[in-house]
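Okay, structure first, notes after.
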Amino acid sequence: MADFVQLVVLGLLAGGVYVAVGIGFGLVWGVLNIVNLAHGALVIIGGYITWQLFSAFHIDPFLSLPVDAVALFVLGYTLQRGVINRIIRAPLLFTFLLTFGLNLVIINVLLLMFGSDFRSVTPSYSGQGLELGNVVVPYTRLASLGVAILTAAALAFVLNRTRIGLAINAISADRDAAQLVGIDLRHAYAMTYGLGAACAGVAGGLIAMIQAITPTAGEPYTLQAFVVVILGGLGRVSATVVGGLAFGLVEAFGQSIPGSGSVFANAIAFGLMVLVLVTRPQGLMGRLR
Amino acid sequence: MIAGAIIATYALLAPLTSLDAVQSAGVPLLADKLWFRIATYIAMFMVMATAWNIIGGITGYAAFGNVAFFGIGAYTTGMLVAKAKWPFLAALPLAPVVASAFAALIGLPLLRLRGHYFAVASLGVGVAVGELVQNIDYAGQPLFGGASGLFLPILSIDNRGLFFFYLMLAAAAIAIAVTWWVLRSRFGYGLIAIRENEEAASVIGVNTTAYKVGAFALAAALTGLAGGIFSQWNVFINQDNAFPIEYNVQMILMALIGGTGTVFGPAAGAVLLQLLIQFLGGSLPISFDIPFVSTDARPIVAQVILGVLLVVVVIFMPRGVIDFFGGRSRLSLSYLRRSLRETSL
């Protein structure tokens with residue numbers, strides 16, 4: 001029983017990272033109709049910023065999260081405005097290849113800058129945890145789940161309560177009509193991608209605290225973000241939150257099966273995805289459109 | 001036209017590199033043994049790009065995980081030769097059979113998905129199959145050689161390099177011939193109808209499920225054949241060289257550069273892109289120095305250049321580089337501007 005509770009706790013905590021990675025990916029996909037294969041690379045940029053600030057200036061990793069968000073927002077806005085906007089009306093294969101190309105460039109530039117060594121961020125409180133009976137709750141993971149939920153709430157607030165958020169909702173509903181009522185599409189698209197990248201930056205900061213990072217460490221997260229978004233249902237931040245937590249749970253239980261270990265992580269994730277797509281294509285929380 | 005010329009030049013020049021006369025005369029460039037290995041790699045990519053074209057170009061389903069079939073082909077032949085001690089030529093035909101059977105099996109659920117869903121699901125299959133092959137254990141032993149891979153006994157024949165080159169080239173010829181046949185058959189018209197409008201195709205009586213699965217299995221068979229030849233040619237296979245994720249994108253880019261949906265385009269694209277990749281990586285006998293870049297950093301810089309190139313090709317030349325040579329359009333500023341305007345906001 002204690003094992004079961006521990007698994008549930010660990011799964012939910014791990015789900016925090018998936019929430020953070022998933023919301024930005026889901027926003028870009030839902031609004032811009034782009035499956036952003038560079039998302040994991042953006043995440044890892046955030047991780048390296050946190051690592052650099054920690055190792056050079058001893059800045060607490062949680063304090064560097066806003067820096068990650070702002071830096072990635074600027075990068076994301078520029079990428080969308082300068083590059084991705086140019087193929088936004090091309091067939092899907094082209095947006096796929098373009099974002100894959102960006103992924104390749106980012107990862108290899110990171111390799112040139114930081115090398116392929118493992119980097120980890122270890123503040124004094126890492127490794128400590130709250131003990132409730134037989135169940136251990138690591139502090140960093142608990143805090144990162146909190147940060148992920150807060151980020152999701154902030155994103156939902158921006159999308160539902162601000163002028164630019166309403167513009168983003170409008171282009172997501174009908175691009176041409178949005179243009180007719182005077183929305184600057186180029187700017188709104190770039191803002192959307194920028195917000196998505198900012199969420200990726202926060203996710204990267206959280207990931208740097210939980211695992212050692214390398215330039216290629218973001219690749220699995222791209223695929224997992226896709227599964228998380230499908231699991232929850234495309235189009236709403238709250239659905240992605242549920243998807244991320246559910247994915248964390250499935251992964252925790254999948255890895256606890258004797259003999260499987262973590263080596264089948266991808267196989268489990270994609271098996272789950274195909275199952276969801278075939279049986280409930282709108283996701284756990286989605287509404288049929 | 002131009003695609004045919006590129007392939008013909010390749011087919012004429014490549015075998016020359018192996019001839020003893022050329023070797024002993026020391027003809028510049030051609031006499032290098034390395035060229036010959038690269039020529040075989042080019043033929044391998046011709047098969048994969050042409051096969052991808054059947055599902056991606058003709059049917060219009062953006063398959064991103066075809067490397068799974070390459071790996072399955074490689075491991076089928078590899079297992080039969082290394083573990084069951086079959087002769088290579090008896091084991092080779094099973095590579096396409098197993099690969100296409102697998103494709104038909106996963107194609108039934110996957111091909112119900114469309115667009116992004118199909119693309120990423122197929123990418124996931126590519127990743128997952130490699131992982132499974134490396135990690136499946138049976139009675140405590142890795143079933144497929146595990147992380148240490150599989151070693152095949154070296155084939156004891158004369159002119160081994162030449163043999164595998166012609167074998168790979170034959171596979172490329174088969175792939176091109178199959179594409180030629182597909183484009184002229186009832187089957188191919190059905191696939192094109194699916195690409196243009198799947199609902200309409202279904203309404204006029206195309207059995208879309210059977211056609212899509214058929215195209216997927218056909219592409220898998222050809223890719224698996226290349227994998228089967230690769231396993232015996234390379235003598236050693238593991239997860240890294242039988243399931244390289246980057247092949248997924250390389251074969252698509254080759255088809256795109258050469259022109260999707262055509263018979264010879266993808267193969268010509270394979271010649272061009274593979275030469276470029278080897279050139280940037282510094283493994284061609286004619287080479288160059290990238291300024292300010294040390295030898296260690298070179299492969300990484302080559303990847304950056306490749307990524308930038310991918311972005312540029314996708315943005316400015318969505319109809320393929322071949323478009324410029326066939327007389328249909330000229331490379332000019334107005335062409336680039338037009339491509340840009342068609343797709344940008």
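The values are calculated or read from the model by the stated rules, or taken from the named source; none is laboratory data. Predicted model, so just to flag it, every value in this text is computed and none were measured. So basically every Cβ, Gly included, is an ideal-geometry build from the backbone, and we count neighbours across all protein chains shown.
Restricting the search to region B:308-330, which residues are over 20 Å from A:PRO91 (Cβ atoms) and modelled with pLDDT under 65? Listed by number, the residues that qualify are B:PHE324, B:PHE325, B:GLY326, B:GLY327, B:ARG330.
Rundown of residues vs (1) closer than 23 Å to B:THR9 by Cβ; (2) in contact with a strand residue (DSSP E or B) (Cβ under 9 Å, 6 or more places away or on another chain); (3) aliphatic (A, V, I, L, M); (4) not in a helix (DSSP H, G or I), yes/no style:
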{"residue": "B:ILE154", "(1), (2), (3), (4)": "no, no, yes, yes"}
{"residue": "B:ASP158", "(1), (2), (3), (4)": "no, no, no, yes"}
{"residue": "B:LEU162", "(1), (2), (3), (4)": "yes, no, yes, no"}
{"residue": "B:LEU167", "(1), (2), (3), (4)": "yes, no, yes, no"}
{"residue": "B:ALA170", "(1), (2), (3), (4)": "yes, no, yes, no"}
{"residue": "B:TRP180", "(1), (2), (3), (4)": "yes, no, no, no"}
{"residue": "B:GLY190", "(1), (2), (3), (4)": "no, no, no, no"}
{"residue": "B:ALA193", "(1), (2), (3), (4)": "no, no, yes, no"}
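Checked against the criterion of being of a type outside the set (Gly, Ala, Ser), under 26 Å from A:VAL147 (Cβ atoms) and at pLDDT 90 or above, region A:84-92 contains not a single residue that satisfies it.
Could you please find all residues in region B:131-177 being β-branched (Val, Ile, Thr) and under 30 Å from B:THR262 (Cα atoms)?
B:ILE174, B:ILE176, listed by residue number.
Residue check: B:ALA173 meets all listed conditions (1) over 23 Å from B:PHE118 (Cβ atoms); (2) in contact (Cβ under 8 Å) with a residue 24 or more places away in the chain but one, namely (2).
Identify all residues within region A:202-253 that are of a type in the set (Phe, Trp, Tyr) and buried (at least 24 other Cβ atoms within 10 Å of the Cβ); write none if there are none.
Just the residues of region A:202-253 that are of a type in the set (Phe, Trp, Tyr), to begin with: A:221, A:226, A:247, A:253.
Passing the criteria: A:TYR221, A:PHE226, A:PHE247.
For region B:56-75, the condition of being polar (S, T, N, Q), in contact with a Lys or Arg (Cβ under 8 Å, 6 or more places away or on another chain) and either surrounded by 24 or more Cβ atoms within 10 Å (Cβ to Cβ) or away from chain A (no Cβ under 14 Å) (or both) holds for at least one residue.
Residue by residue through region B:88-120, note down the ones that are within 14 Å of another protein chain (Cβ to nearest Cβ) and in a helix (DSSP H, G or I). If you could, list the steps in order and put the result at the bottom.
In the first step, residues of region B:88-120 are kept if they are within 14 Å of another protein chain (Cβ to nearest Cβ); the result is B:105-120.
Within region B:88-120, B:LEU105, B:ILE106, B:GLY107, B:LEU108, B:PRO109, B:LEU110, B:GLY115, B:HIS116, B:TYR117, B:PHE118, B:ALA119, B:VAL120 qualify.
Kindly check whether there is at least one residue in region B:236-256 that is over 30 Å from B:PHE316 (Cβ atoms), of a type in the set (Val, Ile, Thr) and more than 14 Å from every other protein chain (Cβ to nearest Cβ).
From region B:236-256, those over 30 Å from B:PHE316 (Cβ atoms) are B:236-243; that's our starting set.
Those left that are additionally of a type in the set (Val, Ile, Thr): B:237.
Applying the additional criterion that residues be more than 14 Å from every other protein chain (Cβ to nearest Cβ) yields B:237.
Looking through region B:236-256, at least one residue is over 30 Å from B:PHE316 (Cβ atoms), of a type in the set (Val, Ile, Thr) and more than 14 Å from every other protein chain (Cβ to nearest Cβ).
Looking only at region B:121-140, residues that are more than 10 Å from every other protein chain (Cβ to nearest Cβ) and β-branched (Val, Ile, Thr) come to 1 in all.
Note on region B:110-120: residues that are under 25 Å from B:ALA226 (Cα atoms) and either at pLDDT below 85 or exposed (fewer than 15 other Cβ atoms within 10 Å of the Cβ) (or both) total 1.
When you look at A:ALA178, is it surrounded by fewer than 24 Cβ atoms within 10 Å (Cβ to Cβ), in a helix (DSSP H, G or I), among the small types (Gly, Ala, Ser) and without any contact (Cβ under 8 Å) to a residue 24 or more places away in the chain, yes or no? Before the answer, list the steps.
Numbers: surrounded by fewer than 24 Cβ atoms within 10 Å (Cβ to Cβ): yes; in a helix (DSSP H, G or I): yes; among the small types (Gly, Ala, Ser): yes; without any contact (Cβ under 8 Å) to a residue 24 or more places away in the chain: yes.
It is true that A:ALA178 is surrounded by fewer than 24 Cβ atoms within 10 Å (Cβ to Cβ), in a helix (DSSP H, G or I), among the small types (Gly, Ala, Ser) and without any contact (Cβ under 8 Å) to a residue 24 or more places away in the chain.
Only residues that are outside any helix (DSSP H, G or I) and either within 30 Å of B:LYS85 (Cα to Cα) or basic (Lys, Arg) (or both) were counted in region B:199-256, giving 6. Residues in region A:73-83 include at least one that is under 27 Å from B:PRO299 (Cβ atoms), within 19 Å of the chain's Cα centre (by Cα) and surrounded by 15 or more Cβ atoms within 10 Å (Cβ to Cβ).
Inspection of region A:213-229 identifies at least one residue that is touching a helix residue (DSSP H, G or I) at 6+ places or on another chain (Cβ under 7 Å), farther than 26 Å from B:PHE118 by Cα and not charged (D, E, K, R).
Looking at region A:73-88, can you tell me whether even one residue there is in contact with a Pro (Cβ under 9 Å, 6 or more places away or on another chain), within 14 Å of another protein chain (Cβ to nearest Cβ) and closer than 28 Å to B:THR343 by Cα?
Pass one, region A:73-88, residues in contact with a Pro (Cβ under 9 Å, 6 or more places away or on another chain): A:87.
With within 14 Å of another protein chain (Cβ to nearest Cβ) added as a condition, the list becomes A:87.
Filter again for closer than 28 Å to B:THR343 by Cα, leaving A:87.
Checked against the condition, which is being in contact with a Pro (Cβ under 9 Å, 6 or more places away or on another chain), within 14 Å of another protein chain (Cβ to nearest Cβ) and closer than 28 Å to B:THR343 by Cα, region A:73-88 yields at least one hit.
Checked against the criteria, A:GLU251 does not count as at the interface with another protein chain (Cβ under 9 Å from one of its Cβ atoms) and among the acidic types (Asp, Glu).
Just to be sure, is B:PHE264 modelled with pLDDT under 85 and either touching a strand residue (DSSP E or B) at 6+ places or on another chain (Cβ under 7 Å) or of a type outside the set (S, T, N, Q) (or both)? For B:PHE264, the condition - modelled with pLDDT under 85 and either touching a strand residue (DSSP E or B) at 6+ places or on another chain (Cβ under 7 Å) or of a type outside the set (S, T, N, Q) (or both) - is not met.
Each residue in region B:141-165 was checked for being among the hydrophobic types (A, V, I, L, M, F, W, C) and within 12 Å of chain A (Cβ to nearest Cβ), and 1 pass. Only one of (1) modelled with pLDDT under 85; (2) surrounded by 16 or more Cβ atoms within 10 Å (Cβ to Cβ) is not met by B:LEU183, so which one is it? Tallying (1) modelled with pLDDT under 85; (2) surrounded by 16 or more Cβ atoms within 10 Å (Cβ to Cβ), B:LEU183 fails exactly one: (1). Residues that are of a type outside the set (Val, Ile, Thr), in contact (Cβ under 8 Å) with a residue 12 or more places away in the chain and within 12 Å of A:PHE226 (Cα to Cα): does region A:40-52 have at least one? Yes; the residues of region A:40-52 include at least one that is of a type outside the set (Val, Ile, Thr), in contact (Cβ under 8 Å) with a residue 12 or more places away in the chain and within 12 Å of A:PHE226 (Cα to Cα). Considering only region A:2-11, I want to know if a residue exists there that is crowded, with 21+ Cβ neighbours inside 10 Å and at pLDDT 90 or above. The answer is no, given that none of the residues of region A:2-11 is crowded, with 21+ Cβ neighbours inside 10 Å and at pLDDT 90 or above. Screening B:ALA99 with (1) surrounded by fewer than 24 Cβ atoms within 10 Å (Cβ to Cβ); (2) farther than 18 Å from B:ALA62 by Cα gives one miss only, at (1).
Looking at region A:44-72, which of the residues that are polar (S, T, N, Q) and either closer than 14 Å to A:ASN33 by Cα or in contact with a Leu (Cβ under 8 Å, 6 or more places away or on another chain) (or both) is surrounded by the fewest Cβ atoms within 10 Å (Cβ to Cβ)?
A:SER64
The condition of being of a type in the set (A, V, I, L, M), within 14 Å of chain B (Cβ to nearest Cβ) and either in a helix (DSSP H, G or I) or within 30 Å of B:ALA302 (Cα to Cα) (or both) holds for only one of A:ILE149, A:ILE107, that being A:ILE107.
B:ASP137 fulfils the conditions (1) free of Cβ contacts under 8 Å to residues at least 60 places away in the same chain; (2) among the acidic types (Asp, Glu); (3) surrounded by 16 or more Cβ atoms within 10 Å (Cβ to Cβ) except for a single criterion, (3).
With respect to A:LEU112, is the statement that it is free of Cβ contacts under 8 Å to residues at least 12 places away in the same chain, assigned to a helix (DSSP H, G or I) and of a type outside the set (Phe, Trp, Tyr) true? Answer is yes for this residue.
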